[in-house]
Each structure stands twice: as C-alpha cells, then as structure tokens.
Amino acid sequence: MMNAECGMMNESKARAGGDETGSSFIIHRSSFNGSVAAALMLVACLASEVPAAAQSYPDRPIRLVVGFPPGGAADILGRFAAQYLSEGFGQQVVVDNRGGAGGLIATEITARANPDGYTLLFTSIPHVINPHLYRKVTYDALKDFVPVVQFVSVPLMMASNVSFPAKSVKELIAVAKAKPGQVNFASAGGGSSSHLAMELFKSMSGTSMNHIPYKGTGPLITDLVSGQVSVTIASAVPLSPQVRIGRLRGLAVTGPKRSPSFPDLPAIAETVPGYQVVNWFGILAPTGTPAAIVARVNKELNAALATPALKERLSTQGADAVGGTAAEFGKLIRADYAKWARVVKESGAKVD
C-alpha cells in the first residue's frame, strides 16, 4: 500500500509546475490539511527508500578508487580487497587507479562521487598527511568521508647500509648525537610518510640528521645499498627482501610493537617510548553513504580478513590483517590527522 501511494506521489510531483517566481507549490488555506498529510507521506516515502536500497546493494559493479599507479603497495593491497569483496558480494569490484599528487586526485574524485556505495576509496596514511602538506585541497579529509573498515596495517622499517657503524636504534641515536647533522637519511620524497616518520624520530630522540629526498623508494634503496646514504625509514614491503638477503641491515619497525611479519626486528618504541608510525590501508566512502551500506561493506571485508588464505597473502606483502568496526577506523584516522598536523608543522615540510 505504501509503495503504491509513494508511486502516486512521485508521479504527482513530476507533474507539478512552478510559478514564474520559481515556487513549486502554492498552498491555500482550504488545502492546508491536505498539504500537511502529503508532506508526512513524502517523509515516509523517503525513509522507506533507504532500507530498500541497502537491501538490494550491490546490484551493479562497484568502483574502488586507488590513488596510486599499478604495481605499488596500495594497488596490490587494493586488488586483494577488491577480489574478496567481489566474491562476497557476487558483484564485480573494479579497481580504478587514479595516481597523482600523493593520492589527492583519487581522494577528490571520491569526495565528489554520489554517496550510494558504488564509489569507494582505498586509501592510506597520505589521506591524513596531505591536507597539511598541500596549500590547495578541495576536500575535508574528516568531514567529507565516512570510515568503512581498516584493511591492514603495514609497519615502516628502519634500515641502514650494512657498513654503517650503528647496528641498533640505540647505537644510531648515539652516532647521530656524536655527529649532529652529519648522518644522511634518505626518504621516498619530501613530505612522504618516509620523510615525516624520520622527522618524528628525530624530534622524539633529540637527534639531528641530514635529509636526502628521493623520487620514490626504488632509487632510495639503490643508494642505500651502495652507501650513498646511511639510513632510512621506508615501507617494509620493498625493504624487507633486501634485508633478508643481507644487502641492507634491518634496525627496527615503526609500529607500537613488533610486527608478526618481522618478529626478529624490535620496535623503535622499545628504545624511544611512545614512537609509533603505522601505514594503514582501508576503505572510505563519501559522506552521506547510507549506514546500512557501510555496515555491509564492513561485514564482507571482515569476513574475508578472517580467512587463512587472505591472511597468508597479506603476510607475504609484509602487511598485517586488521579489520574491526568503522568506528575504530574513524578513531585511528582522527588521531593520525592530529598527529601528522603537528609533525608537518614542526618539520616545515611543504609540497607546493
């Protein structure tokens, strides 16, 4: 009965015309009661449409926007998430790589998308760093998105050239304090998580080291192996193979505790209490996406993360499966947003 009445109301709205001032309805005293009833019916119709949309979701392919080009950690992990969501939904989840500006382009695309659950953002820690680095950001990293689920956490790794005298975090601090500004550290680029992780380390350890920025982790590793630079903090995914074959020395990981993927490496926090940098990856949706749809995506990805097969695939990439609630992911995002605002300000890092 309600659906029939809603259909009649929608047809009536479609036929309704406006006067020359742009008003769609002119309500006379004699029709006031009828107008109130119609308004109440409209509210009921709109309310009934949201659960119906959520119940049928998804009934067509979903676009998962990734802010980095194919082949990188974000792309690899995003494709894992897309594959398992596709299997759970029975609908294809298509990865849409929109690289550029450290993820800004992809984030802007998603912020402007229709909040219907068919455009989602697969993002990572640059989401909360970029607003503090770039002067022109067209979205609000907190207000324009709703958290859906954290997919994984990927610790960064502190590593050094094998000939560098420091063989631990404690020894690195001693060397850096004995030779202020003379130890060169490499980053994957000015303002990158690699750069800011070391800036945070310098601040918390009271050391001074010289920053050498590179255009990506690949060139950084080449010069670190050859001894052109002494130490770095960078993604564990490309560093770990070099550490395992002995071309680099792993000193520590940046998480709050040892990583299951690298159990033999201590956490920096064991030497510098409170130090923590975790490069998380997760899914966000445009603000306004129905809560029922957010809950459905969260449920499907949590189910996938509980499977041994996905956990094993993630472990081979140096990533730890996380999952959890949307609220927990939101808390992490807000905390990191505040933390990186302070680090960027203190370091003076800027991109444009």
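Brief remarks on what is shown
- Inclusion of residue 252 among residues that are modelled with pLDDT of 95 or more, closer than 19 Å to residue 280 by Cα and not in a helix (DSSP H, G or I) is warranted.
- Residue list for the stretch 159-173, restricted to those being within 35 Å of the chain's Cα centre (by Cα) and open to solvent by 60 Å² or more (accessible area, probe 1.4 Å): 162, 167, 170, 171
- Tally, over the stretch 83-111, of residues that are assigned to a helix (DSSP H, G or I) and touching a residue at least 24 places away in the same chain (Cβ under 8 Å): 16
- Considering the stretch 236-258, and only residues there that are surrounded by fewer than 22 Cβ atoms within 10 Å (Cβ to Cβ) and in contact with a strand residue (DSSP E or B) (Cβ under 6 Å, 6 or more places away or on another chain), the residue that is farthest from residue 315 (Cα to Cα) turns out to be 249.
- Qualifying position, being surrounded by fewer than 21 Cβ atoms within 10 Å (Cβ to Cβ) and either in contact (Cβ under 8 Å) with a residue 60 or more places away in the chain or within 23 Å of residue 131 (Cβ to Cβ) (or both), among 179, 202: 202
- Out of 254, 222, 232, sole residue that is among the hydroxyl-bearing types (Ser, Thr, Tyr), out of contact with any Gly (no Cβ under 7 Å at 6 or more places or on another chain) and without any contact (Cβ under 8 Å) to a residue 24 or more places away in the chain: 222
- Subset of the stretch 205-231 [outside any loop (DSSP other than H, G, I, E, B) and either open to solvent by 50 Å² or more (accessible area, probe 1.4 Å) or over 18 Å from residue 247 (Cβ atoms) (or both)]: 205, 210, 211, 212, 213, 219, 222, 226
- Condition met for residue 297 (crowded, with 18+ Cβ neighbours inside 10 Å, touching a Pro at 6+ places or on another chain (Cβ under 8 Å) and of a type in the set (Val, Ile, Thr)): no
The values are calculated or read from the model by the stated rules, or taken from the named source; none is laboratory data. Remember, it's a predicted structure, so these values are computed and weren't measured experimentally. Methodologically, a virtual Cβ is constructed for each residue, glycine included, from the backbone with ideal geometry; neighbour enumeration extends over all protein chains shown. Each accessible area value is taken on the protein alone, full model and side chains, heavy atoms only, with ligands, DNA and RNA left out. Shrake-Rupley method; radii C 1.70, N 1.55, O 1.52, S 1.80 Å.
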